[in-house]
Amino acid sequence: HKLMPTDTEDFNIRTQQELSSMLNTTTDLMTTLLACIAGISLVVGGIGIMNIMIVTGTERRQEIGIRKALGANPRDICQQFLIESASITIVGGLCGIVIGILTSLAVEGFRKMAFVISFEACIISFVFSVFVGIFFGLNPALRAAKLDPVDALSS
C-alpha cells in the first residue's frame, strides 16, 4: 500500500521561542487592559473629586464671600480649594496603596503565590493620583475664586 498524505496533522510542534512569543503577547494584552481600567478609574475618581469640590464651593459661598470681603485675593481662594482637592487624593492614594499591599500579602499567604510590590510603581501611581485630584479640582477652585463677595454674602 501507498501511504496517502493527509491534509491535517496529528500533532503540532512548538518551540520555546513560539511559547515565549505567545506569553509576551498575552502579557502585553493584559497590561493594556489593566492600563485602560486604571485610566477609566482615574477619570471616574477625578469626576468624583470635581463634584465634591463643586458642592463644597456651593456650601461655603458665604465663607468665601467673607474671606474676599476681608481682603483675600482670588489666588488665596484658589489655593485653598486646590489644597483641599490634593488632600482628598493624598488620603485616597495612600489608602489605595495600603489596601493593594495588604491584599497582595493576603493572596500571597492564602494561595502561596509570589507577588512583587514595586516601590517605584507605588510612588508613580500616588503622584499621578494627586495630579489627577489637582487637575479635576482646578475648575471648582477657579469658580470659587471668581465669586463676587456681594453675591456670595447675599446667598
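The values are calculated or read from the model by the stated rules, or taken from the named source; none is laboratory data. Note that the structure is predicted; figures quoted are calculated from it, not measured. Don't worry about glycine lacking a Cβ; one is built from the backbone with ideal geometry, like all the others, and counts go over all protein chains shown. Heads up: the accessible areas ignore ligands, DNA and RNA and are worked out on the full protein's heavy atoms, side chains in. Shrake-Rupley method; radii C 1.70, N 1.55, O 1.52, S 1.80 Å.
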Segment residue 55-residue 18, length gained on full extension (0.36 nm per residue, minus Cα span): 7.8 nm
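I need to check one value: relative contact order of the chain, counting alpha carbon pairs closer than 8 Å and at least 6 residues apart, in percent. Can you show the working numbers first?
Working: 101 pairs, mean separation 62.7, N = 155.
The value is 40 percent.
What's the extension gain from residue 25 to residue 107 if we count 0.36 nm per residue and subtract their Cα-Cα distance?
Separation in residues times 0.36 nm, less the Cα-Cα distance, equals 27.0 nm.
For residue 123 and residue 66, compute 0.36 nm times the residue count separating them, minus their Cα-Cα distance, and round to one decimal in nm.
Numbers: separation 57, 0.36 × 57 = 20.52 nm, distance 3.87 nm.
Full extension of this stretch gives 16.6 nm more.
Work out which helices of the chain, taken as complete DSSP H runs, extend at least 18 Å along their axis over the Cα atoms and score a mean Kyte-Doolittle of -0.5 or more, then list them. Before the final figure, lay out the partial values.
On the way: long enough: 16-59 (64 Å, 0.96); 74-111 (55 Å, 1.04); 119-145 (37 Å, 1.66).
Membrane-span-like by this rule: 16-59, 74-111, 119-145.
What does the accessible area per residue of the chain come to in Å², with a 1.4 Å probe and no ligands, DNA or RNA counted?
Details: 11700 Å² over 155 residues.
Spelled out: the 1.4 Å probe surface of the chain, per residue, equals 75 Å².
Taking N as the number of residues in segment 8-56, what is its Cα Rg relative to 2.2 N^0.38 Å?
Numbers: Rg = 21.2 Å, N = 49, 2.2 N^0.38 = 9.7 Å.
Normalised Cα radius of gyration, segment 8-56: 2.20.
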Portion, in percent, of the accessible area of segment 63-155 that falls on carbon or sulfur, probe 1.4 Å: 73
All-pairs Cα distance distribution in the chain, expressed in whole percent, bin size 10 Å: 9, 24, 21, 15, 11, 8, 5, 3, 2, 1, 0
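Segment 101-155: Rg/Rh from Cα coordinates, Kirkwood Rh?
Numbers: Rg = 21.3 Å, Rh = 15.0 Å.
Taking Rg over the Kirkwood Rh, I get 1.42.
What's the ranking of 112-119, 54-61, 19-26 by average number of surrounding C-beta atoms within 10 Å, highest first? Kindly include the intermediate steps, with their values, before the conclusion.
Working: 112-119: 8.6, 54-61: 15.1, 19-26: 10.4.
Ranking the peptides 112-119, 54-61, 19-26 by packing returns 54-61, 19-26, 112-119.
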